[in-house]
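A.B. asks: I'd like to ask you about the structure that follows.
Just so it is clear, none of the values below were taken in a lab; they were calculated from the coordinates. Since the structure is predicted, the reported quantities are computational estimates derived from the model, not experimental observations. Please note: Cβ atoms are built from the backbone with ideal geometry, for glycine as well, and neighbour counts cover all protein chains shown.
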Amino acid sequence: MVAMALDAAGTTTLAGHEVPRLGYGTMRLTGPHVYGPPADPDEARRVLRRAVELGVRAIDTAWYYGPDVANELVAEALHPYPEDLVLVTKLGGARRPDASWIAALRPEELRAGAERDLRLLKVEQVPVAHLRWMPGAPVDFTETLDAMTALVDDGLIGAVGLSNVDAGQLELALGRTPVACVSNAYGLLDRTSEDVVQRCAAAGIPFLPFFPLGATPGGASAVATDERLDDLTARTGATRTQLALAWLLQHSPALLPIPGTSSVAHLEENLAAADLRLDADVVAELDALATAG
Ligand SMILES: NC(=O)c1ccc[n+]([C@@H]2O[C@H](COP(=O)([O-])OP(=O)(O)OC[C@H]3O[C@@H](n4cnc5c(N)ncnc54)[C@H](OP(=O)(O)O)[C@@H]3O)[C@@H](O)[C@H]2O)c1
């Protein structure tokens, strides 16, 4: 059953589950640089509970946010989970103690990550895990894909998604194994992955844009500070982030944005984008704002 508040954005099928097309990403629930605990863990738990209360049923997370911090907060705030909540994790990354990001894409690393997700999230199976590709990693893409399929076969994960892949990798994967979803950086300001979005739409695969508000791993939202949007905010009554999310929702039925935030106020503002309908002239102006891709 789909909760009511996000109905206006429509639903999509994610790994066999019907979910509203606006989700939530947990990366902002940690300390600075996605490392360590947040300044206000109570607010982090409130954000997660409010997201579910408002109808979010797709939550993107990863054991390496924190590390462990984001997943622990998810379990503290939401376990036992609503039956229709789809937790989506990522395997393939890891962290050094200096907070830098490294690849962990070898089959045994992917399996260890999946086992860590199960323990932290307190589930017997993670519904979807993205294979988070790291360009330049000393591993073969098809070998990592097969390692993910083995995790499905062994019941640790319910389905395989792909993250940070190009169109060629997506095509290769589609010929080899079922692909539940794709998650690349994509949004109003960065359309570099447009070809992957369109391929997902053609194949009926949800695309979960990360950085949908134009953030960077260590930085704030570029959308939230983009003054080029101010004429449109005045004309529509929507905020900058709402315009960016509404644009995504109207741009392609494949898109299921997963905006991140550490604040209930921002969460509520962002999820209200589900109710916005942008006129064609507004969409055309937003179409022209891309700074990449
Ligand atoms: N697959 C991957 O490799 C990958 C990579 C990166 C991220 N992700 C996922 O994608 C999710 C989304 O990406 P993201 O969180 O990094 O970036 P984002 O959604 O583009 O932007 C998040 C940033 O925007 C700010 N923000 C949110 N709502 C706002 C509002 N209404 N007004 C002003 N500022 C606002 C947040 O600050 P506040 O906390 O102050 O609201 C935060 O700094 C992540 O949480 C993560 O789950 C996946």
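A.B. asks: Among the residues of segment 131-165, which ones are assigned to a loop (DSSP other than H, G, I, E, B) and either under 21 Å from the mean Cα position of the chain (by Cα) or under 24 Å from residue 13 (Cα atoms) (or both)? Before you say what the answer is, go through the steps one by one.
C.D. replies: Step one: list which residues in segment 131-165 are assigned to a loop (DSSP other than H, G, I, E, B), which gives 133-140, 154-156, 158-159, 164-165.
Passing the criteria: 133, 134, 135, 154, 155, 156, 158, 159, 164, 165.
A.B. asks: Additional query: Say we look at segment 235-257 and pick out the residues that are within 10 Å of the ligand (Cβ to nearest atom) and either out of contact with any helix residue (DSSP H, G or I) (no Cβ under 9 Å at 6 or more places or on another chain) or not β-branched (Val, Ile, Thr) (or both); which of these is farthest from residue 59 (Cα to Cα)?
C.D. replies: Taking segment 235-257 as the starting set, the residues that turn out to be within 10 Å of the ligand (Cβ to nearest atom) are 239-242, 244-245, 257.
Then drop every residue that is not either out of contact with any helix residue (DSSP H, G or I) (no Cβ under 9 Å at 6 or more places or on another chain) or not β-branched (Val, Ile, Thr) (or both), which leaves 240, 242, 244-245, 257.
Values: 240: 23, 242: 19, 244: 19, 245: 16, 257: 10 Å.
The residue in question is 240.
A.B. asks: Okay, moving on. Could you tell me which of the residues 102, 59 is touching a strand residue (DSSP E or B) at 6+ places or on another chain (Cβ under 8 Å), over 29 Å from residue 273 (Cβ atoms) and of a type in the set (Val, Ile, Thr)?
C.D. replies: Details: 59 fails: over 29 Å from residue 273 (Cβ atoms).
102 is the lone residue from the list that is touching a strand residue (DSSP E or B) at 6+ places or on another chain (Cβ under 8 Å), over 29 Å from residue 273 (Cβ atoms) and of a type in the set (Val, Ile, Thr).
A.B. asks: If I go through segment 210-220 residue by residue, how many of them are under 15 Å from the mean Cα position of the chain (by Cα) and not aromatic (Phe, Trp, Tyr)?
C.D. replies: Just the residues of segment 210-220 that are under 15 Å from the mean Cα position of the chain (by Cα), to begin with: 210-217.
After this cut, where a residue has to be not aromatic (Phe, Trp, Tyr) as well, the list is 212-217.
So the count comes out to 6.
A.B. asks: Another question, if that's okay. Across segment 1-20, what is the total count of residues that are outside any loop (DSSP other than H, G, I, E, B) and more than 14 Å from the chain's Cα centre (by Cα)? Show your work before the answer.
C.D. replies: The first filter runs over segment 1-20 and keeps only residues outside any loop (DSSP other than H, G, I, E, B), leaving 7-9, 11-14, 17-20.
Add one more test, that the residue is more than 14 Å from the chain's Cα centre (by Cα), and what stays is 7-9, 11-13, 17-18.
So the count comes out to 8.
A.B. asks: Here's another thing I want to ask about it. For residues in segment 188-219 being within 13 Å of the ligand (Cβ to nearest atom) and free of Cβ contacts under 8 Å to residues at least 24 places away in the same chain, which is nearest to residue 19 (Cα to Cα)?
C.D. replies: Of all residues in segment 188-219, those within 13 Å of the ligand (Cβ to nearest atom) come to 188-190, 193, 196, 207-219.
Retained after the next criterion (residues that are free of Cβ contacts under 8 Å to residues at least 24 places away in the same chain): 216, 219.
Working: 216: 26, 219: 29 Å.
Result: 216.
A.B. asks: Report yes if residue 117 is among the acidic types (Asp, Glu) and without any contact (Cβ under 8 Å) to a residue 12 or more places away in the chain, otherwise no. So that I can check it myself, show each step before the final result.
C.D. replies: Details: among the acidic types (Asp, Glu): yes; without any contact (Cβ under 8 Å) to a residue 12 or more places away in the chain: no.
So residue 117 fails the test.
A.B. asks: Quick check: anything in segment 32-40 surrounded by fewer than 24 Cβ atoms within 10 Å (Cβ to Cβ), farther than 20 Å from residue 220 by Cβ and acidic (Asp, Glu)? Outline the logic, then answer.
C.D. replies: The first filter runs over segment 32-40 and keeps only residues surrounded by fewer than 24 Cβ atoms within 10 Å (Cβ to Cβ), leaving 32-40.
If we keep only those that are farther than 20 Å from residue 220 by Cβ too, we end up with none.
No, segment 32-40 contains no residue that is surrounded by fewer than 24 Cβ atoms within 10 Å (Cβ to Cβ), farther than 20 Å from residue 220 by Cβ and acidic (Asp, Glu).
A.B. asks: In addition: Can you tell me how many residues in segment 223-234 are touching a Gly at 6+ places or on another chain (Cβ under 8 Å) and more than 8 Å from the ligand (Cβ to nearest atom)?
C.D. replies: Number of matching residues: 1.
A.B. asks: Determine which member of the set 54, 48, 29 is within 16 Å of the chain's Cα centre (by Cα) and either surrounded by fewer than 17 Cβ atoms within 10 Å (Cβ to Cβ) or more than 11 Å from the ligand (Cβ to nearest atom) (or both). Don't jump to the end; show me each part of the working.
C.D. replies: On the way: 54 fails: within 16 Å of the chain's Cα centre (by Cα); 29 fails: either surrounded by fewer than 17 Cβ atoms within 10 Å (Cβ to Cβ) or more than 11 Å from the ligand (Cβ to nearest atom) (or both).
Just one listed residue meets the conditions, 48.
A.B. asks: Which residues, counting only those in segment 227-267, are part of a helix (DSSP H, G or I), within 24 Å of residue 184 (Cα to Cα) and in contact (Cβ under 8 Å) with a residue 60 or more places away in the chain?
C.D. replies: We begin by selecting, within segment 227-267, every residue part of a helix (DSSP H, G or I); these are 227-236, 240-251, 264-267.
Now restrict to residues that are within 24 Å of residue 184 (Cα to Cα): 229, 240-251, 266-267.
Scanning segment 227-267 gives 229, 245, 248, 249, 267.
A.B. asks: Please work out if residue 265 is over 18 Å from the mean Cα position of the chain (by Cα), near the ligand (Cβ under 9 Å from one of its atoms) and under 29 Å from residue 64 (Cα atoms).
C.D. replies: Details: over 18 Å from the mean Cα position of the chain (by Cα): yes; near the ligand (Cβ under 9 Å from one of its atoms): yes; under 29 Å from residue 64 (Cα atoms): yes.
Answer is yes for this residue.
A.B. asks: Whether any residue in segment 209-223 is farther than 23 Å from residue 65 by Cα and outside any helix (DSSP H, G or I) is what I want to check.
C.D. replies: Let us first name the residues in segment 209-223 that are farther than 23 Å from residue 65 by Cα, namely none.
For segment 209-223, residues farther than 23 Å from residue 65 by Cα and outside any helix (DSSP H, G or I): absent.
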